[in-house]
Amino acid sequence: MSETTVYRARKIVTLDPNRPEATHVAVREGRILAVGDADAAEQWGGGRLDERFGDAVLLPGFVEGHAHMMAGAMWRYAYVGYHDRLDPAGALWPGLTEIDAVIAGLKAAEQALPDAETPLVAWGFDPIFLPVERLERRHLDSVSASRPIAVIHSNFHLMTVNSPALELAQYSRDTNVEGVARRPDGEPNGELQEMAAMFPVMRRLSIDFKQLGKHRDTITNYGATARQVGVTTATDLFAMLEQDDLDALIAVTGREDYPLRVVPALNGLMHGPDQVLARIKDLRARSSDRLRLGAVKLMTDGSIQGYTARVKWPGYVNGATNGIWNTAPEQLDRLCEILHAGGIQMHIHTNGDEASEAAIDSLEKATAKHPWRDHRHTLQHGQMIGPAQFQRMAALGLCANLFANHIYYFGDQHAAVTIGEDRALRMDACRAALDAGVPLAIHSDAPVTPMGPLFTAWCAVTRRTFSGRLLGAAQRISVPEALRAITLGAAYTLKLDHEIGSIEAGKRADFAVLGEDPTAVDPEALRDVPVLGTVSGGRVFLS
Amino acid sequence: MSQPLPLTVVSGYLGAGKTSLINHLLRHAGGRRIMVLVNDFGALNIDADLLESAEEDTLTLSNGCVCCTLGGDLFYALANALDRRPRPDYLVIEASGVAQPAKIAMAAQAEPELALGGIVTLVDAANIATLLADPLIGGQVAEQIESADLLILTKTDIADETAARAAIAEHSASPVVVARHGAVPADLLLGLPGGGSLPEPAHLHHYELYASWSYAGRDRVTLATFRQLLERPPSGLYRLKGRVLLRGGGALEAHLVGRQASITPCPEPEETRLVAIGPKPLFDPGALETVWRHVLDKDGDAPASPASLSRRLVVSRLA
């Protein structure tokens, strides 16, 4: 008979209503054999007692329902963001809260480079938080006037580069390209806006996100990043999944020391719908426990802070024209119908309320034509969905994965300059979703904001913005509701709730190992609950 | 550095006829090695006799053309096209039905190894009025028309051409040509073949869709008057390219496509040579000849030194 290990913990919060709390969990063959007290495993022949979690609190392994593998790629570059971050090795990169600190950080990173030619690339920079002085080429020239330098901003839509990098791209005062920002004297100031302007520099500095995304180190780092925040299952939501990507994913996730279950969703727009159907069929055949293939991601609009989200009347408070469709509504109709008829679950990016409505409309038509009740198509972000749209979603069996982290990171901006006070109060409306009976998950969209389900839960519970403001008290949810959203709720949107998301007999032995009980701390302190590591399929990964 | 790779953007809403146009272009490439980036080549239907090999993401044609999928990532595809050896002569991107062609064109303007070969927008005469009035998609369809250097009106056999032209005119003053089944000559879409040299006379005036004009001679011009020509070319002129000798020494290489023109200093050629084309009947070669004679005859301008131009200069044009 296989070995049984009985873990004792200070407390086990199971998310299983039949036994909400326990002290012992018995694990066999990577699965949960029994839950309860010291005798839990007795009727199964007992087991070896393991006390290493004796001071810890176990929760179901967290499930990150909307993040990107790219979160694991950026650490080959220097982090110069405003907020503290941990790298995959567990080292703290303190937030750089002044422009001088950013320059000092860049200088330190420059010193660490092996030779004089290697470009210096940094990421995570956000000028929103450094309002006094804008980062320009002259700052970066003070770091190095000979080595090309590129600082990628946290939104990935901007970068600031130094003079050698501008020269490589042949950008000068004669350049007449939208997106190459200038000083008052007409010289480029080093800021490049949007991909078209960034591309010549990225190409010459060999910054290739697509190559980075399939690198084995990236997949390894993604696992390490997830483990640090208690995540045992994470999506990669918009994956290309070409043959070499897939080979790397299969190899890395198959390693015995890989701590994460990865759920990639195929970019459903890169080929025609018939090709997508065929690809998914192939991909499903290559799934394993730690690599779940078969879902598709679609895009509708852009982002609210980029003014590219499609929003309903009265639009943007600054008068910006309405956003853009990445997929035309009529094309979305066709995609939804073909994929739904083909039995493929869809994760659909919608930020603005007009985009959410278009997605709901498309899915309503598709579900009316082809019966498949348990499809669990999920609207991703859904930041402006209100009660009326949630009611329609509930009627159609749709799920919502809301972008709770936005309340903290961008909530102040949304109230002031994008969609205005009234609609900002009810953004990422977790309360309304639950009240309408819509299955709810919440997410980070890492690397857009850092992965950290307890932080994401804290956002949904407190609705505190970066400035400390409570934005929309009526849409707060309780701590148990938020914990459910980062475990069972997210698992439900991935069709994995029968395997993960709670600590109960029969499920995978996936745990988040915490230093404190998140159900007992002050809700305001939820984000500070320490994560000690994870257990993934019975394998222990302590930080 | 080698000549920049010209990038032509083919835009248009769903069903406007982009695939037909690209099919026609690949079948009538006229010896050009064209690389086409498409969203879905399932729809392309390349004849078996034209197909040399087919891989998952690339079709190689026996006439030297290549067709690749965009794979959802424009910039990755652009980098691949630039790194390809041998590099194609022309790059054509089939934008998605809701793409913003101006954004794709920006990439060609920013990247020194690319040159914008124009934005061509196809318009379905049968439903353009409905689309422009659509509250969800109308704005993006209008933007595609507004960005266009050349508009191609399709399905005029089943729709009211006059009404469609009126709808377009509200958004664009760029030339409009009518095409059936995507039959737009490559000369118009991509420019006359050859690296600055004059094509064979027999090649010109070949199509009934466009007219052409050319000049070769030892005359010299001033930067100022030549620049004026690029800034205010006669109506209907869609493409102009060539090299001109400057008074006082030096020479300029000029490229004009639609609403964009650029001049770059170049080594002195033996003579000034220019070639221009535009859609019929909008483009009148006689009118261009008159303007050109004026440029040649005009003197009194101080000879401007090409040294004042350090690199490619984009000439802003009056709309």
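Numbers at a glance
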quantity	calculated
Under 26 Å, Cα to Cα: Lys pairs in chain A, sequence gap 8 or more or different chains	18
Charge-dipole axis of the range A:242-380 as Lys and Arg at +1 and Asp and Glu at -1 on Cβ define it, positive-most pick from A:LEU246, A:GLY306, A:VAL263	A:VAL263
Of all DSSP beta bridges in the protein assembly as shown, antiparallel share, percent nearest 5	50
For the range A:418-463 and the range B:253-287, distance of Cα centres in Å	56
Reach of B:LYS298 by Cα under 30 Å, taken over lysines that are not fewer than 8 positions away in the same chain	B:LYS241, B:LYS280
Taking B:LYS18, A:LYS495 and counting other C-beta atoms within 10 Å, the order from fewest to most	A:LYS495, B:LYS18
Relative contact order %, chain B, counting alpha carbon pairs below 8 Å whose residues are six or more apart	17
Trypsin sites (Lys or Arg not before Pro) within the range A:1-80: DSSP coil, no more than 12 neighbouring Cβ in 10 Å	none
Gyration tensor (Cα) of the range A:167-290, equivalent ellipsoid semi-axes in angstrom	38, 19, 12
Size of charge dipole - chain A - debye, nearest 20, with Cβ of Lys, Arg +1 and Asp, Glu -1, no other charges	740
Prolate/oblate/rounded call for the range B:1-142, Cα gyration tensor, a/c under 1.5 rounded	oblate
Choice from B:ALA251, B:ALA169, B:ALA108 showing the highest fluctuation, given a GNM over chain B with Cα pairs closer than 10 Å	B:ALA169
Two-decimal log10 I(q)/I(0) for the range B:223-305, as the Debye equation yields it once each C-alpha is a single scatterer, q = 0.24, 0.25, 0.26 Å⁻¹	-1.27, -1.36, -1.43
Neighbour cut-off at most 13 other Cβ (10 Å), DSSP loop, chymotrypsin sites (Phe, Trp or Tyr not before Pro), the range A:293-347	none
Semi-axes of the equivalent ellipsoid for chain A, Cα gyration tensor, largest first, Å	38, 28, 23
The range A:35-112, relative contact order in percent, only Cα pairs under 8 angstrom and at least six apart counted	16
Separation of alpha-carbon centers, the range B:1-72 and the range A:177-198, rounded to whole Å	33
Antiparallel bridge percentage (DSSP; both residues within chain B; nearest 5)	55
Amide H contacts of A:ALA34 (H built 1.01 Å from N, under 5 Å, at least 5 apart or other chain)	A:ALA26
Sequence of A:ASP174, B:ASP124, B:ASP89, A:ASP115 once ranked by neighbouring C-beta atoms within 10 Å, starting from the fewest	A:ASP115, A:ASP174, B:ASP89, B:ASP124
For chain A: relative contact order, % (alpha-carbon pairs under 8 angstrom, 6 or more apart)	17
The range A:106-178 shape via C-alpha gyration tensor axes, a/c threshold 1.5	oblate
Shape category assigned to the range A:63-104 from the gyration tensor of Cα positions, a/c cut at 1.5	prolate
Ranked A:TRP372, A:TRP313, criterion: other C-beta atoms within 10 Å, fewest first	A:TRP313, A:TRP372
Lysines with Cα under 17 Å of B:LYS155, excluding same-chain neighbours fewer than 8 positions away	B:LYS18
Options A:PRO60, A:GLY81, A:TRP44, ranked by Cα towards positive dipole end of the range A:43-100, top entry (Cβ charges)	A:TRP44
Of all DSSP beta bridges in the range A:7-128, antiparallel share, percent nearest 5	70
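Computed from the coordinates by the stated procedures, all read-outs in this text should not be read as laboratory data. All values reported here derive from a predicted model rather than from experimental measurement. Here the Cβ is made from the backbone with ideal geometry for all residues, glycine too, and neighbour counts use every protein chain on show.
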